[in-house]
Amino acid sequence: MSTTTTSTPPPPPVEPATAEKRSSPFGVVAERLRSGELGPWPVIIGLIIIWIVFQSLNDRFLTAQNLSNMAVQIAAAGTISVGVVLVLLLGEIDLSVGSVAGVGAAALAVLSVRHGVGEVPAVIIVLILGALIGTLQGFIFAKVGVPAFVVTLAGNLGWLGLQLYLLFPQGTINIPYDGFVAKLTHTNLSRIAGWVVGALIVVAYAAAAVVDGRRRARAGLPTPSMTATLVRIIGLAVVIGATVAVLNSWQGVPLALVIFVGLVVVMDLVLRRTRYGRQIFAVGGNVEAARRAGMNVAAIRISVFALASTFAAFGGILFASRSFAASQATGGGDTLLIAIAAAVIGGVSLFGGRGSAYGALLGSLVLGSIASGMFLLQLESSVRYMITAAVLLAAVILDSLSRRGRAAHGRA
Amino acid sequence: MSEQAGGTTRQGDGGPSPDGAVLSLAGISKRFGAVHALSDASLAVKAGEVVALVGDNGAGKSTMIKAIAGVNPADDGEILWEGRPVTITKPHDAATLGIATVYQDLALCDNLDVVANLFLGNEVANGIVLDEISMERRATELLDTLSVKIPSVRTPVASLSGGQRQSVAIARSLLGEPKVVLLDEPTAALGVAQTAQVLDLIERLRDRGLGVVLISHNLADVRAVADRVAVLRLGRNAGEFVMAETSQEQIVEAITGASESVVTRRQARVEAAEAARDVGQKRQASDPQEQS
Ligand SMILES: Nc1ncnc2c1ncn2[C@@H]1O[C@H](COP(=O)(O)OP(=O)(O)OP(=O)(O)O)[C@@H](O)[C@H]1O
Ligand SMILES: [Mg+2]
């Protein structure tokens, strides 16, 4: 606490009050724990533990085939989860995403199979439908003032009804095996293409890091040390390299995984680097502050609900793609809960304003790993539900504890 | 509703509003139903001057600030900005004129870092991409010129102390290059050291040539930084004083309403005792208020 002051004139070469304090890695971790800014580390460590446990119970767990399957498996629910992250960042909840996914799948099948609309236009129409659904729900929440919880609970029921209505009388509509939609989750990149995509990501990241560091240095701002930058670039290269190598040793990188990760990366950039993303964090952090800062809170809220429903509709398309059909069960069952749980396990705070798009990816990996491990061990879904519940609870407890840590730290 | 008071102001000791005031208000009235929150009240602030606005709870201080800030415009009255009559009906009007307001609840986003909070709603961007580098540079410069000490401009505001948060809120109000800053109880809920920090900051605002209107219940703080004190009582002006020529007792008297209150009676007793002692004739050994 530097409450120096009094009458001494400000010392001319003001030792930048803002220079980064360099401290030991342990110090940083302890500090973060205390201040409640944990970032993604708990979930990454949790994921590693889960992998070690399942691998030791069944050595088929970490095989290329199983990991490939898992990658495709998580894409649909993971995509829905990206939308859920946005809503959670606002400090709200969307309970309708499962049903909206179901409506998306049903509308796609009805349009393309029953009415002969081309699959690509049908996908676009479904995405627009999703956006409209979200806009409606967001409007009722933001303008009429009904709690989001209730609006989307009504949506959960209502859109399920629409889904059943659309699928009547068949109940299930099959989509062609060789169509555009089916290919979304049944295509693998060639080995070369996989390496190229992986390399591009690493190069883009490294270039951004270097350029940013240079610009900061030129502006006279504290820059991250060379080693820190290198460690991060090499770390990313190792993770991506290992992923591509493993997936290539089976059938190649699944397109569905590229789509899912691509959506996560884009949303992360939107959230961290654009004015719109900053507005979402501001509304989630302190609505009153956002309003007084001149932000159009209602518009931000409506747009986020629109995005969430659009992601949900796209998730529904991926579900239909994976099972070659839209059925009454698409988007039902535990879809909603898994999508929300993934976001929360991925470290997105239920209290709003904290978290990252990568939470959807990490949380989906955790849940996908548990599901896949249980499947290999031939355990009932009863066990899977209970274990998933325990992991979710752990994530929420961590969230609440770190919130308390922050509160205590804030008053310190 | 109430009578327009024109440009003239009725005041206790300070005379008419000082010439060259950046901002002056006259005949301001505001009613909330049956409550006259402000009746024919006036206030003026010059560049490079700290005016303290004091008064008991419910005296109308916050109402006055909200009228100036355009949050809750007055029903009646005249506002002069650099001598020209202006109307302020919404926060944007005040901001365009060059009036910045720091409310008691600071309206910071705890989850965002200092830079993001400073530029909240005024982000610098190239196209749609935020220009973090120029924001961080300007934030660092601003905080350095104000000698605000924080560990890093990239710390989330949640982990700052109360004084640091207040400093960030005040610094934010300066980004729009205002000429007048309104501070509603900036030192309430702060400890001694943190209060000193904020008072220093207020002095630096004055030294930069800003007009500062400071609401405070703490007369020690007011005494420490204010050049003039304007007192409101029950929505009316109850005196205006030049700080250097005024005793705390006079201010208290104006706040509470003369000779009526416990406070003034107690002071009268003390003063009487002191006067008696000064004369030196009848030294009363039993005087209980010997000290001070
Ligand atoms: N929005 C409102 N609706 C109704 N009455 C109000 C409103 N705002 C203020 N008042 C009334 O106006 C009077 C002046 O209130 P104001 O908040 O300006 O007092 P204050 O001087 O800021 O007091 P404090 O020191 O307690 O903050 C009070 O009687 C208050 O009850
Ligand atoms: Mg008040």
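The values are calculated or read from the model by the stated rules, or taken from the named source; none is laboratory data. These numbers were taken from a predicted model, which means no experiment stands behind them. Every residue, glycine as well, gets a Cβ built from its backbone with ideal geometry; the counts of neighbours run over all protein chains shown. What goes into the accessible areas is simple: the full protein's heavy atoms, side chains included, and nothing from ligands, DNA or RNA. Shrake-Rupley method; radii C 1.70, N 1.55, O 1.52, S 1.80 Å.
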Study note, to complete from the structure: Tilt, helix B:192-207 to longest principal axis of chain B (alpha-carbon atoms), in degrees rounded to tens, equals 80 degrees
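Give me the accessible area buried between chains A and B, both sides summed, with a 1.4 Å probe, in Å² rounded to the nearest 100.
Values: alone 21600 and 14430 Å², together 32650 Å².
Buried: approximately 3400 Å² between B and A.
Mind checking the mean number of beta-carbon atoms from other chains within 10 Å of the Cβ atoms in B:153-161?
Working: counts 7, 4, 3, 9, 4, 12, 9, 3, 5.
Partner-chain Cβ atoms within 10 Å, mean over residues of B:153-161: 6.
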**Study point:** Cα gyration tensor shape for chain B, rounded if a/c is under 1.5, else prolate or oblate
**Key:** oblate
**Study point:** Residue-by-residue Karplus 3J(HN,Hα) for region A:253-262, coefficients 6.51, -1.76, 1.60, Hz, glycine and proline x
**Key:** 5, x, 4, 4, 5, 4, 4, 4, 5, x
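Test of understanding: given chain A, find the longest segment containing no GluC sites (Glu not before Pro) that are in a DSSP loop and have at most 16 other Cβ atoms within 10 Å. Present the calculation step by step, with values, prior to reporting the outcome.
Details: sites that count: A:Glu20, A:Glu380.
It works out to A:21-379.
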Review point. When the label point is put 7 Å from the Cα of A:Lys183 along its Cα-to-beta-carbon vector, which residues of region A:103-126 have a backbone N closer than 11 Å?
Key: A:120
Revision key, fill the gap. Per residue of A:273-283, other chain Cβ atoms within 10 Å number on average 5
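Counting only protein heavy atoms, what percent of the accessible surface of the protein assembly as shown is carbon or sulfur at a 1.4 Å probe?
Working: 20280 of 32650 Å².
Roughly 62 percent of what the probe reaches on the protein assembly as shown is carbon or sulfur.
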Check your understanding: How many percent of DSSP beta bridges within the protein assembly as shown run antiparallel, rounded to 5?
Key -> 60 percent
**Study point:** J(HN,Hα) series, region A:187-194, from Karplus relation 6.51 cos²θ - 1.76 cosθ + 1.60, nearest Hz, glycine and proline x
**Key:** 10, 10, 5, 5, 4, 4, 4, x
**Study point:** Cut-off of 10 Å, at most 14 other beta carbons, DSSP loop: longest stretch of chain A lacking such trypsin sites (Lys or Arg not before Pro)
**Key:** A:61-412
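Run lengths n ≥ 4 of DSSP H only: what is the helix-derived mean residue ellipticity at 222 nm for chain B, with -39500 (n - 2.57) per run over all residues, to the nearest 500?
Values: 9 runs with 98 residues, N = 292.
Theoretical 222 nm ellipticity from helices: -10000 deg cm²/dmol.
Report relative contact order for chain B in percent, whole number only (criteria: Cα-Cα under 8 Å, sequence separation at least 6). Don't jump to the answer; show the numbers that get you there.
On the way: 538 pairs, mean separation 68.4, N = 292.
The normalised contact order for chain B reaches 23 percent.
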Check your understanding: If you count, for every residue in B:121-131, the Cβ atoms of partner chains within 10 Å of its Cβ, what is the mean?
Key -> 4
Check your understanding: Taking θ as phi - 60°, what are the ³J(HN,Hα) couplings along region A:85-100 by the Karplus curve (6.51, -1.76, 1.60), each to the nearest whole Hz, with x for Gly and Pro?
Key -> 4, 4, 5, 4, 4, 6, x, 10, 9, 10, 8, 9, 4, x, 5, 5
Revision key, fill the gap. Once amide hydrogens are built 1.01 Å from N within the peptide plane, the residues lying 5 or more places from A:Leu90 or on another chain with amide H under 5 Å from its amide H are A:Gly353
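Suppose R0 equals 41 Å. What FRET efficiency, 1/(1 + (r/R0)^6) with r the Cβ-Cβ distance, do A:Val197 and A:Trp41 give to the nearest 0.05?
Numbers: r = 27 Å, r/R0 = 0.65.
That gives a FRET efficiency of 0.95.
Restricting to Cα pairs below 8 Å that are 6+ residues apart, what does the relative contact order work out to for region B:111-176? Please round to a whole percent. Please list the in-between numbers first.
Details: 57 pairs, mean separation 29.8, N = 66.
Here the relative contact order equals 45 percent.
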Point to revise | Cα long-axis angle, helix A:41-57 against chain A (0 to 90 degrees, to the nearest 10) | key: 50 degrees
**Study point:** Under-5 Å amide H pairs with B:Arg233, H placed in peptide plane, nonlocal only
**Key:** B:Ala238
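State, as an integer percentage, the relative contact order of chain A based on alpha-carbon contacts under 8 Å between residues 6 or more apart. Let's see the in-between values first.
On the way: 607 pairs, mean separation 142.5, N = 412.
Relative contact order for chain A comes out at 35 percent.
For the protein assembly as shown, report the accessible area per residue in Å² (1.4 Å probe, heavy atoms, rounded to an integer).
Accessible area per residue, the protein assembly as shown: 46 Å².
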